[in-house]
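Sharing a structure, written as structure tokens. Questions coming.
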Amino acid sequence: MYLTGRFAVLVGCGIVPVVLLGGSAPWAVLAMWLVVCAAVLVADVAAAADPRALRVLREAPARVRLGEPASALVRLVNTGQRRLRGRARDAWQPTAGAPAERLAIDVPPGESRAYRVPLLPRRRGELRSAFVAVRSAGPLGMAGRQAVIAAPGAIRVLPPFHSRRHLASRVARLRELDGNTSIQVRGQGTEFDSLREYVRGDDVRSIDWRATARASTTMLRTWRPERDRHVVIVIDTGRTSAARVGDSTRLEAAFEAALLLSALAQRAGDHVHLVAFDRVVRARVTGVEGPALLPALVDALAPVDAQLIDTDWDAALAQARRLAPHPSLLVLLTAQESVDASRAFLGVLPSAARRGTVVLVGAATDTTLESAARERGSADAVYRAAGAEAGLSAARRVARAIERAGADAISASPDDLPPLVADRYLALKRAGRL
């Protein structure tokens, strides 16, 4: 049962009969008025339809991207004998972005009504609604019945993949590299593409003498960068990935870089493997090819959050080797900016580079440090500038240590990191290292 403001107004109106009719016995008049109010309350509650007679059916999209509007449909079926009027609330988590207003419902007996609940998710992962709360109002609007009806529902919110806007330009460069125009010279990491007629200036070492003997002219082999290379992406989900850079976290920037690189490598015909790891596997995608790769990646990464623990890098690289024993490219998306905190990471990096694997280390950096390092004008600003400069100096030392270990280091803002990683992948393709 619940009470409305109307009932409070009704009780408050009792002051009128108390003043006019109370005389020498105001308490008796007040008691009689309260009895009348209680009778009205009981009658209004008894006349209200039973909300437990409602059956709740749900229709909601299984997946939606973060920040994109969605809607869930709640269908109320009245199995009772009375018309049910009142309000309902679909109990989504606050981060689902459901409106605060209650739904005004009116369901005749034996019929159903559908109500749409707009959603605007503000967090990745599984967003759930466990129940629908229904209030059935009495005919007088003084009180009514309420019930909580179990109706579990869930929507998986996927990473937004904002870096998709960079994919078209990189795919065009990839086609220029090895799609429409094949490389004409033999080099490291190239494979046979097709035959064409020899023209002056071509490398005579690429002449195919067997094809020349069968044809009436000199035939030349053309070459292209090798396909079917294995690209392994390791996303660090340890405590350093929880740091905020810009409007999001380092982990979100790592997701964007991994998705853009995966989409580009899939277009290039390479095999992509991904693992998100700190001390246990948080997400793993392997053996998925073609157009199914990107949906599998975003679905696996959706519930992954940063963990406030240090990453076990020996176990992380062991997981990478399980995905592909001899990868051509190993991409480590992490944040290593402190010399002391990076010792374990730097200790395992040379062993990965010695296996003949190209190792790429990408990190999202806080661009506000550079502006803070240039601040002057007050003692507080000078102290902030000194702290920012110390942080930048430590990050540069770690980057030089990564390069001495035989890996490539890329540090950029969250918006710039994904295209830079993709550009480095294309540069490795162009150089014949992939």
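What is the distance, in nm, between label points placed 7 Å from the Cα along the Cα-to-Cβ direction at Asp203 and at Ala47?
Result for the modelled spin labels: 9.3 nm.
Arrange the peptides 139-150, 231-242, 420-431 so that the one whose residues have, on average, the most other Cβ atoms within 10 Å appears first.
The most tightly packed comes first, giving 231-242, 420-431, 139-150.
Tell me, how many Å apart are the Cα centres for the range 76-121 and for the range 372-434?
The range 76-121 and the range 372-434 have Cα centres spaced 51 Å from each other.
What angle, in degrees between 0 and 90 and rounded to the nearest 10, separates the Cα long axis of helix 250-267 from the longest principal axis of the Cα atoms of the chain?
50 degrees
Tell me the mean residue ellipticity at 222 nm calculated for the chain from its helices only (DSSP H runs of n ≥ 4, each -39500 (n - 2.57), averaged over every residue, nearest 500).
-10500 deg cm²/dmol
On to the next question. Cα axis of helix 26-47 to longest principal axis of the chain: angle in degrees, 0 to 90, nearest 10?
Compared with the principal axis, the helix lies near 50 degrees.
Pull out the extension gain between Thr367 and Leu73, defined as 0.36 nm times the separation in residues minus the alpha carbon to alpha carbon distance; nm, one decimal.
Gain in length upon complete extension: 101.6 nm.
Highest mean first, how do 102-110, 342-350 rank when packing is the count of other Cβ atoms within 10 Å averaged over residues?
342-350, 102-110
Compute the long axis of helix 343-353 from its Cα atoms, compare it with the longest principal axis of the Cα atoms of the chain, and write down the angle in degrees, 0 to 90, nearest 10.
With both axes taken from Cα atoms, the answer is about 50 degrees.
While we're looking at this one, here's another question. With a ≥ b ≥ c taken as the square roots of the eigenvalues of the C-alpha gyration tensor of the range 375-434, please select rounded if a/c is under 1.5 and otherwise prolate if a/b is larger than b/c or oblate if it is not?
In terms of gyration-tensor shape, oblate.
At a Förster distance of 45 Å, what's the computed FRET efficiency of Arg322 paired with Glu101, Cβ-Cβ distance as r, to 0.05?
With R0 = 45 Å, the Cβ-Cβ based efficiency is 0.30.
Also: How large, in percent, is the carbon and sulfur part of the accessible surface of the chain at a probe radius of 1.4 Å?
Exposed carbon and sulfur together represent 54 percent of the surface.
Now for a separate question. Can you give me the accessible area per residue for the chain, using a 1.4 Å probe, in Å²?
That works out to 51 Å² for each residue.
What figure in square angstrom, to the nearest 10, would you give for the accessible area of His230 with a 1.4 Å probe?
About 60 Å², ignoring ligands and nucleic acids.
The values are calculated or read from the model by the stated rules, or taken from the named source; none is laboratory data. Keep in mind it's a predicted model, so treat the numbers as computed, not measured. Positions of Cβ are backbone-derived with ideal geometry, glycine not excepted, and every protein chain shown enters the neighbour counts. Surface accessibility is based on the protein's heavy atoms, side chains included, excluding ligands, DNA and RNA. Shrake-Rupley method; radii C 1.70, N 1.55, O 1.52, S 1.80 Å.
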